[in-house]
Amino acid sequence: MNHPYQFSTDLEVVDIDLQPLLVYQAEQRITWHQAIDTPDGTWNIGVIDPTLLQGTWECAFHQHCNRADAEFRARVSNLF
C-alpha cells in the first residue's frame, strides 16, 4: 500500500504504474501458496522484490505501447 507506484499522479502512466503492482501481487500470492509444500517453504510476501516488479512493469509498459500503437494505426488507416 505504500509503494510509489500506488500513488502515481501522472495520469498518462497511472495504469502502467498500478497494473504491475496488481499483477505482481497476484503472481506472488499464487507462487507463495504453491511454495507451502516445498522444502524451501514460503517467504515474506509483504516484501516487494524490485527485480520482479521491474520485469512486471516492463511487460505492462510494452503492452500499453503495443495497444497505443494499434489504436494509432487504426486511426491513421481510416484517413486513407
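The values are calculated or read from the model by the stated rules, or taken from the named source; none is laboratory data. In this text, all values refer to a predicted model and were calculated from it rather than measured experimentally. We place every Cβ from the backbone using ideal geometry, glycine too, and count neighbours over all the protein chains shown.
Identify, from the list Gln54, Gln19, the residue that is at pLDDT 90 or above and assigned to a helix (DSSP H, G or I).
Residue meeting the stated conditions: Gln54.
Any residue in the stretch 28-53 that's of a type outside the set (A, V, I, L, M, F, W, C): show its pairings with residues that are surrounded by 10 or more Cβ atoms within 10 Å (Cβ to Cβ) at Cβ separation under 6 Å, as long as the two are six or more apart or on different chains.
From the stretch 28-53, the pairs are Gln28/Ile45; Thr42/Trp32; Thr42/Ala35.
Would you point out the residue of the stretch 49-73, among those that are aliphatic (A, V, I, L, M) and touching a helix residue (DSSP H, G or I) at 6+ places or on another chain (Cβ under 7 Å), that is surrounded by the fewest Cβ atoms within 10 Å (Cβ to Cβ)?
Across the stretch 49-73, the extreme among qualifying residues is Leu52.
Could you tell me whether any residue of the stretch 26-37 is surrounded by 10 or more Cβ atoms within 10 Å (Cβ to Cβ) and at pLDDT below 90?
no
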